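Encoded as structure tokens, the structure appears first; notes follow it.
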Amino acid sequence: MTESNVWLRTQDQLKKIADKISLDPSLLTRLLEPDRIVEVNLPFKNTNIKGYRIQHNNIRGPYKGGLRYHPNVSMDEVKALAFWMTMKNAVIDVPFGGGKGGITIDPKTLSEAELKKLTRDFTQKLADVIGPQKDVPAPDVNTNPKIMSWIVSEYEKITGDKSHAVVTGKPIETGGSQGRTEATGLGGTYALMAYLSQINKSSKGLTVAVQGFGNVGKYVAKFLQENGFKVVALSDSKGGIYIKEGIPDIEEVDKYKESTGLLTGCCGKGSDIKPGDILTLPVDIIVPSALENVITQENAGNIKASIILEMANGPTTQEADEILKQKNITVIPDILANSGGVAVSYFEWYQNIHNEIWSKEEVFKKLKAKMNKAVESVYDISAEQGLSLRDSAYILALKRIESKWQKYP
């Protein structure tokens, strides 16, 4: 299989940042390729479905990262995502390395029984390489707490491990953490507010457009609205809505989508928009919260927002990034903006390992402290060295990994 642009670009980005900080060459060599690549065949309806688990790096702790079920899942995509998890876990300063996995399937075409069997088969193939101290998967695109609970039960059946710490993002009744469902969206809200605090800017009245209305997009819109931002547009893969005066109630939009399957036509006013149009609306902040590579050299020049909060993984191509820099648009990068999910995943893992149960208030308090500290550290590097927040986040991550690397015997 030939390597795709996304993985090659990821490697190129790493080399550029490593050169800026004179990273230990032996560490760079290790980071340029995953520690382990697992590719499995999953027999399904008289064919073989591909499943992947990429373990990129475990210098800072067990591999950690989500599992996605999507027809476009590929080896190269998962390699890039695993690398980003290594960086993200270092930026938010949790004791994990980076991993990622997935199955090349559209789960929407499967019955629950078929989905459960496929997940159990995948768990059986991965059982030797995952575990609380080895590799800890979590939900990602098209996966959820129920799927995580199936992995827990199958893993326990195979290994006898009853800690439930083999995955995070579980239902509360099987060892999940309070606040995990909202964590990524809330963490992104904390990150944006912390950044605005650094530049002495109020959130009151700032207009926001959120692309993607899955778990992440829904909660980031909800929490931004609760904190004084004016959310004026929402979209998903089918379409969206734009209400210049502000969308009245995000929860009502969620109920409307639950009942109709659509965002278009919601709220009875404003205008319907095409999915891609949301990124170029006249707003202060855009929040890509769906899949990667949605901000490209084709549309970056038309972006009117002054801040981009990257809640999706890799939503901006390198070419687009250069255009955004030239336009002085601030990008709060994915490895910082959406790290709230893995922060609370760490809290869940810790609670499982130590047999503790934290309240939602305690989880949110710890999450806010983590996000504020990460934003402050990244902003300080940016201000001191005159670099973008993205480059600064990578520098912070690589320095933390290098610090641990130097302690290796």
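The values are calculated or read from the model by the stated rules, or taken from the named source; none is laboratory data. Everything numeric in this text was worked out from a predicted model, so none of it was measured. Because the Cβ atoms are built from the backbone with ideal geometry, glycine has one as well, and the counts that use them run over all protein chains shown.
At-a-glance table
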quantity	calculated
Subset tally (residues that are more than 23 Å from L81 (Cβ to Cβ) and either in contact (Cβ under 8 Å) with a residue 40 or more places away in the chain or assigned by TED's automatic domain parsing to the domain that holds S392 (or both)) for region 324-349	2
Boolean, S377 is surrounded by 22 or more Cβ atoms within 10 Å (Cβ to Cβ) and either touching a residue at least 12 places away in the same chain (Cβ under 8 Å) or under 26 Å from A82 (Cα atoms) (or both)	no
Helices (runs of 4 or more DSSP H) fully within region 309-409 counting 1 or more residues that are of a type in the set (G, A, S) and more than 22 Å from A138 (Cα to Cα)	318-326, 360-385, 389-405
Checklist (1) more than 21 Å from the chain's Cα centre (by Cα); (2) buried (at least 21 other Cβ atoms within 10 Å of the Cβ); (3) among the aliphatic types (A, V, I, L, M) applied to A127, failing item	(2)
Complete set of residues in region 153-185 that are touching a residue at least 24 places away in the same chain (Cβ under 8 Å) and under 16 Å from F122 (Cβ atoms)	E154, Y155, I158, T159, V166, V167, G169
Conditions (1) farther than 24 Å from W349 by Cβ; (2) outside any strand (DSSP E or B); (3) over 19 Å from the mean Cα position of the chain (by Cα); number of the one not met by I59	(1)
Which listed residue is over 30 Å from K366 (Cβ atoms), touching a Lys or Arg at 6+ places or on another chain (Cβ under 7 Å) and in the same structural domain as V152 (by TED's automatic domain parsing), from V38, V78, V73	V38
Residue identified as in a helix (DSSP H, G or I), among the charged types (D, E, K, R) and under 30 Å from S111 (Cα atoms) among K170, K222, K218	K218
Lone qualifier among I285, I273, I295 - being touching a residue at least 40 places away in the same chain (Cβ under 8 Å), buried (at least 19 other Cβ atoms within 10 Å of the Cβ) and within 20 Å of the chain's Cα centre (by Cα)	I285
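Yes or no, residue by residue, for (1) buried (at least 24 other Cβ atoms within 10 Å of the Cβ); (2) of a type in the set (F, W, Y); (3) touching a Lys or Arg at 6+ places or on another chain (Cβ under 9 Å); (4) assigned by TED's automatic domain parsing to the domain that holds F122:
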| position | (1), (2), (3), (4) |
| --- | --- |
| G169 | yes, no, yes, yes |
| I172 | no, no, yes, yes |
| L196 | no, no, no, no |
| I199 | no, no, no, no |
| G205 | no, no, yes, no |
